[in-house]
Amino acid sequence: MRGLARVSTLAIVCAMGWAFTLPASALEMLDTSRLPRVTGAKDSFASPATTIYFTPDTVARTAEATRKALAAGGWQLYSAPHTARAQVPTMEIMTFKKGPQALNVYITQAPARGNATSVSYTAITLLNDLPFPAGAADIEFDPNRPLLTCVSAEPVDQLLAYYRKELGARGWSLWSAKAGKLPDGGPNGELTEKGAYGYYIRENQTPLILVLQRVADGRTKIDIKSVPAKVLADAREAELNRDKPKTVAEPAPAPAKPQHTAADDMADQMMKQAQDIMRQATADALSGAKAPTPKPATEPAAPLRARVDSDVPVPMPENADDIDYNAADGKLDYESTASVRSLAAFYREAMKAEGWREHKTVINGPKMTVLDFSKADKKISFTLMQMGASTNVKADGSGLISAAASAKKDDASVAVSAAPASAEDLTAEESSGLPVPKRRTLTQSERTPFRQQLTVNIPLELSAVLGFYRRELEKRGWKEDVKGAVIAADKANVAFTTPEGSAVLKLARKDNETTVTLRVRNPEAAKKAGVLPNAGQTKVLFGNMTASEASITIDNKTIKIGAGVGAKKPDGPTLDLKPGKYKVTLKGGQSEEIDVAADEAWGLLVGPGGVLPLNVY
């Protein structure tokens, strides 16, 4: 829906039950209408699966406030594996997980609302649920397949016990080459010189491997991924055959090689599947060394003192460690052995002494505190969070930005973008079943039973990106409409015929990046469901989730929708429109402007918060 606040596809498939029905348990687990809003929020649509509201604040401030509010409620921020996001002032996308619940947050500018900020909460169904330890950082997680990496301040032995308990609650059993499926009790995994590992199995599921590795800063890196069942079968066979006598026909082992045990075989397989994370640690026989348990953060006997050798433009405590300061983006991240309370007292005193004014926040606890400061037109926000044995301090804001560093960053960005694409840049990966190059800064996908859309930002020249997609789509059996292709230096539009239907690939060059939009549609599925539009027109389907009759006026026509009509399946009224912009007015509710294109199908669904526009096809 162009000109209107965008709604994620998960919102579409959740809200319109006739398009795609989520399991009832998924909707019962998370009620997005009960999640926290930022100050000044005004609801537009609210339901368990999707909630949309508007706020007069900027996208950046709304995103930061939302992030903090959800974190205070136990939600942990994660990102998709192996991806990076571009910094877009008018848009922010975040994903969170809390136990078995997952949430997508889409924040964007809404021109139709006078450039107010729109916030969409959408429940995500987890096809795969892997637990995040409390206080975990740098979390990368894939809800569709077993893949998780993160960093924790907890020691290795505690993490082994945590994952055995949490994975066990999800039906996974610890496995060993010697005994197979292990009963409760006993060791929680295999310890190595620099960490530990363990295999997990579950009926009718690909096995998992958990790898823990202590890193230089004293924290523990966690990796979980699936491994072929053959890895376990080979390790089991090696263990069973380890003590069997050799037959005469078998050649004697080479005397120059050291003895290789079944445990070594198992470790070698683990290394291959865990991308060599711990190859050095298990080059020799596995050892029983345990990670030292770090001392917890404690209150200092005296107030914290500021260090004098800091390049950061705000006071820094003497015990600040692992400092990461980005002067161009105005971001600061470090660890401290001091408690949250001590650090909060330090910043309140030190910032006040430098002329900063504190603004009270609602997050002010012993394990997490948020401090907001302003001075003239500058602002800085600190988030202090206890993470196991230490306190993590994150700060950002205009008061941390250096103009010189920002200009240098812009120059470097131009230089990097001008570099030619390498073979590694154009290595094909997948996102939601569609190809994406390894080098990219933003990846978004939308899906309904009738359409799928992929949007990717790639810091490479348009010609290189176009060549990548032509090559990869041809491999999938897609046929390009060569005669109809429109190719220019700064844009391209290419149509394809796919085994399932039609597709359009659009590329646009702007701000040293190529933006790719790949849309795939299945007309047979749309026709079968009764949502296929007439050629050159837009079909609008109406639905009503409320318990009373609703009336919508569009294109000078008033459409009445009975209570519950069109909410579960496409049995409500329909309307054919020409492509263009239309004002949609709900009787007794709000008005919106929608912009529809030819050969599209849209749903207008009436809910407790008003009308929700949905791009169905």
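Values quoted throughout were computed directly from the atomic coordinates according to the rules given, and no laboratory measurement underlies them. Note that the structure is a prediction, hence the values are computed from the model and not measured. Cβ sites come from the backbone with ideal geometry, for glycine too, and all protein chains shown count toward neighbours.
Laid out as a table, the results:
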{"read-out": "Relative packing of 436-443, 348-355, which averages over residues the other C-beta atoms within 10 Å, highest first", "value": "436-443, 348-355"}
{"read-out": "FRET efficiency for residue 595 and residue 357, using Cβ-Cβ distance with R0 set to 51 Å, rounded to 0.05", "value": "0.70"}
{"read-out": "Residues of the stretch 440-459 with amide N under 19 Å of a point placed 7 Å along Cα→Cβ from residue 474", "value": "none"}
{"read-out": "At R0 = 56 Å, FRET efficiency that the Cβ-Cβ distance of residue 569 and residue 305 yields, to 0.05", "value": "0.25"}
{"read-out": "Residue pairs, from the table 42/438; 491/578; 181/475, whose Cα atoms sit over 32 Å apart", "value": "42/438; 181/475"}
{"read-out": "Phi to ³J(HN,Hα) by Karplus 6.51 cos²θ - 1.76 cosθ + 1.60 over the stretch 41-55, Hz, x for Gly, Pro", "value": "5, 10, 5, 10, 8, 9, 7, x, 7, 9, 9, 10, 9, 10, 9"}
{"read-out": "Relative packing of 325-335, 524-534, which averages over residues the other C-beta atoms within 10 Å, highest first", "value": "325-335, 524-534"}
{"read-out": "C-alpha center-to-center spacing [the stretch 512-545, the stretch 110-189] in angstrom", "value": "35 Å"}
{"read-out": "Calculated FRET efficiency for the pair residue 333/residue 438, C-beta based, R₀ 30 Å, to 0.05", "value": "0.70"}
{"read-out": "The stretch 321-404 - charge dipole about Cα centre, Lys and Arg +1 at Cβ, Asp and Glu -1, debye rounded to 20", "value": "440 debye"}
{"read-out": "Stretch gain in nm, segment residue 230-residue 485, where the contour uses 0.36 nm per residue and the Cα spacing is subtracted", "value": "87.2 nm"}
{"read-out": "Mean-position separation - Cα centroids, the stretch 455-488 and the stretch 562-617, in angstrom", "value": "33 Å"}
{"read-out": "Rg [Å, one decimal], Dmax [Å, integer] - the stretch 420-521, C-alpha atoms", "value": "12.6, 38"}
{"read-out": "Unsatisfied cross-links (Cα-Cα over 26 Å) in the set 539/583; 97/221; 506/528; 221/379; 225/367; 557/581", "value": "506/528; 221/379; 225/367"}
